[in-house]
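Visitor: Please see the structure below; I have some questions.
Any read-out appearing in this document is the output of simple, stated calculations on the displayed coordinates, not a laboratory observation. Because the structure is predicted, anything quoted here is derived from the model rather than measured. Note that each Cβ is placed from the backbone with ideal geometry, even for glycine, and that neighbours are counted across all protein chains shown.
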Amino acid sequence: MRKLGLSVTLAISIGAAMSVFSQSTAPADDPAWKAPEVIKFIGLKKGDKVAEIVAGRLTASLAQAVGPSGKVYAVETAEVVKAHPDALEHMKALASESPNVIVSDDPVGSPLPSGLDAVFIRQNYHDLYNKFMGPADVPAFNKSVFAALKPGGVYVVLDHAASAGSGVDATQTLHRIDPARVKSDMLAAGFKLDGESSILANSADDHTKVVFDPSIRGHTDQFLFRFKKPK
């Protein structure tokens, strides 16, 4: 694969979830995002507290799910904001209309609010391994999520699938990650696998194309895992 220029790298490095600039502050209604199904899979209920890492397309849907008595901590990491300042402005606009959304732009790995019922990261877990994110200290990041969750709380990861056995080799080039690597990361952090869903799977995706390739963009094979902090 040819080497991408710097401007292109920055434009795509945070994944498809950051195409938020034309997003409204209404709950997501694009059927391709499967927002209702994803929210149901997370298991959110009114009054819950959830942190969304690299907040984006589903933030408003999360806010609706937890209701006025709940909280959505919309985390736009400083690294993301440096590359895409409009992402932070969008989240601030959403928060101005949704009092239960609290926006932050701390560096990746900063402590999360305590007592969370859920943490959600959509199409950006692989980015933790990429240069623009530091790369992050992923084991420490996952441990911080573990510490922030209540016993019985869940950590939900939705991302683009890479070829089996590839580990993190495709995170920078194809913006994909081996699902097995995500599972091993979470088990190492102390989580237990609590559920997985194929609602965004696509067997026609052979995992060889960058997720922004026009022939596959919006239709990648995606995995959805839920990990639980033991009680």
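Visitor: Would the stretch 100-107 turn up any residue that is within 30 Å of ASP169 (Cα to Cα), in contact with an Asp or Glu (Cβ under 6 Å, 6 or more places away or on another chain) and surrounded by 22 or more Cβ atoms within 10 Å (Cβ to Cβ)?
Guide: no
Visitor: Testing PRO111 on (1) without any contact (Cβ under 8 Å) to a residue 40 or more places away in the chain; (2) surrounded by 17 or more Cβ atoms within 10 Å (Cβ to Cβ); (3) of a type outside the set (A, V, I, L, M), one condition comes back false. Which one is that?
Guide: Result: PRO111 fails condition (2) only.
Visitor: Shifting gears a bit: Report whether or not ALA51 is part of a helix (DSSP H, G or I) and crowded, with 24+ Cβ neighbours inside 10 Å.
Guide: Numbers: part of a helix (DSSP H, G or I): no; crowded, with 24+ Cβ neighbours inside 10 Å: yes.
Here the answer is no, as ALA51 does not meet what is asked.
Visitor: For the stretch 50-78, how many residues are farther than 12 Å from SER104 by Cα and out of contact with any Gly (no Cβ under 6 Å at 6 or more places or on another chain)?
Guide: Step one: of the stretch 50-78, the residues farther than 12 Å from SER104 by Cα are 50, 56-71.
Still in the list and also out of contact with any Gly (no Cβ under 6 Å at 6 or more places or on another chain): 50, 56-68, 71.
The number of residues fulfilling the criteria is 15.
Visitor: Based on what the data block shows, is LEU224 part of a strand (DSSP E or B) and under 17 Å from the mean Cα position of the chain (by Cα)? First the steps, then the outcome.
Guide: Working: part of a strand (DSSP E or B): yes; under 17 Å from the mean Cα position of the chain (by Cα): yes.
Yes, satisfied.
Visitor: Among residues belonging to the stretch 52-80 that are out of contact with any strand residue (DSSP E or B) (no Cβ under 7 Å at 6 or more places or on another chain) and aliphatic (A, V, I, L, M), point out the one that is farthest from ASN124 (Cα to Cα).
Guide: The selected residue is ALA65.
Visitor: Touching a strand residue (DSSP E or B) at 6+ places or on another chain (Cβ under 7 Å), aliphatic (A, V, I, L, M) and under 21 Å from ASP48 (Cβ atoms), is that true of LEU158?
Guide: Working: touching a strand residue (DSSP E or B) at 6+ places or on another chain (Cβ under 7 Å): yes; aliphatic (A, V, I, L, M): yes; under 21 Å from ASP48 (Cβ atoms): yes.
Considered against the rule, which asks whether it is touching a strand residue (DSSP E or B) at 6+ places or on another chain (Cβ under 7 Å), aliphatic (A, V, I, L, M) and under 21 Å from ASP48 (Cβ atoms), LEU158 comes out as yes.
Visitor: Tally up the residues in the stretch 200-231 that are closer than 22 Å to THR173 by Cβ, among the charged types (D, E, K, R), surrounded by fewer than 17 Cβ atoms within 10 Å (Cβ to Cβ) and in contact (Cβ under 8 Å) with a residue 40 or more places away in the chain, please.
Guide: Looking only at that region, the number is 1.
Visitor: Further question: Within the stretch 177-199, can you find the residues that are exposed (fewer than 13 other Cβ atoms within 10 Å of the Cβ), assigned to a helix (DSSP H, G or I) and not hydrophobic (A, V, I, L, M, F, W, C)?
Guide: SER184
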